[in-house]
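First up is the structure itself, then whatever we jot down about it.
Every number in this text was worked out from the coordinates using simple rules, so none of it is lab data. As the structure is a computational prediction, the values presented were derived from the model and not from experiment. Every residue, glycine among them, receives a Cβ derived from its backbone with ideal geometry; neighbour counts consider all protein chains shown.
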Amino acid sequence: MIKQMEKLLEEGKDDLLDEKFHQKLAEEFNRLPNRAGNKAIQMKQVQRWFTKRKNPSSENTDSYHSSEDLVTAVDTSQSVSAAPESSSDMPGDAGEKDPEQAELEFEARSSRDNAWYDVSTFLAHRILSSGEPEVRVRFHGFGAEDDEWVNIKKDVRERSIPLESSECQKVDVGDLVLCFRERSEQAMYFDAHVLEVQRKLHDIRGCRCLFLVRYDHDDSEERVGLKRLCRRPKY
């Protein structure tokens, strides 16, 4: 994916800094088979990558690191290691998982869209007059402008776990899952509950079972494959 973006940069297309172009490119990346089970790439990550490459002097520190996170995001599904500092724009050697991804232990729900995102850093905490505790989080792949105060009890939890093809039996009716929902204007992870399970024989492509889910935030329903689901950790 990075090579594709670098090729577009070399061609010098006029729409490289256009938000609609960035959104379209992010959606194309998220549809790739090797992205299944990984958190969605956001338009802002693509946008900052191109901005940094075209105008290096205009990038502040937060935006710089956000564009670096894009490299991690697009290559995590290929199990690459973190690149050395001297070439941080390029993916590293194959064969090792990115240690930065391995250290992501929590996810938080944004009040802006009700979607869940990996937490990169906990920045501060406070207690409201109501007695509710909140924490300010930096979402993985985003800059300081997207930092957000979230309720610790309701909107912070241990990171959800992508399901392997052999783990479909772990999903049953009534389960809470984190489901990847893709729309023309967005691709995000939302809480959902499983309403129905259609067990099917697996083939060379893996699990072929189908799961009818209802999204908690808007009560809409969708039938999805296992690759779209992440399970909650068991305690």
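Quick notes on this one:
- Residues of segment 117-135 with amide N under 16 Å of the 7 Å Cα→Cβ point at residue 232: 117
- FRET efficiency for residue 18 and residue 114, using Cβ-Cβ distance with R0 set to 25 Å, rounded to 0.05: 0.35
- Restraint check, 44/234; 200/227; 44/154; 24/170; 153/234; 170/227, Cα-Cα greater than 24 Å: 44/234; 44/154; 24/170
- Inter-label distance, nm, simple model (7 Å from Cα along the C-beta direction), residue 106/residue 173: 3.7
- In plain terms, the chain from residue 223 to residue 147 could stretch by 24.1 nm, reckoned as 0.36 nm per residue minus the Cα-Cα distance.
- Where only alpha carbons of segment 119-235 are counted, the Rg and the Dmax (Å): 16.8, 56
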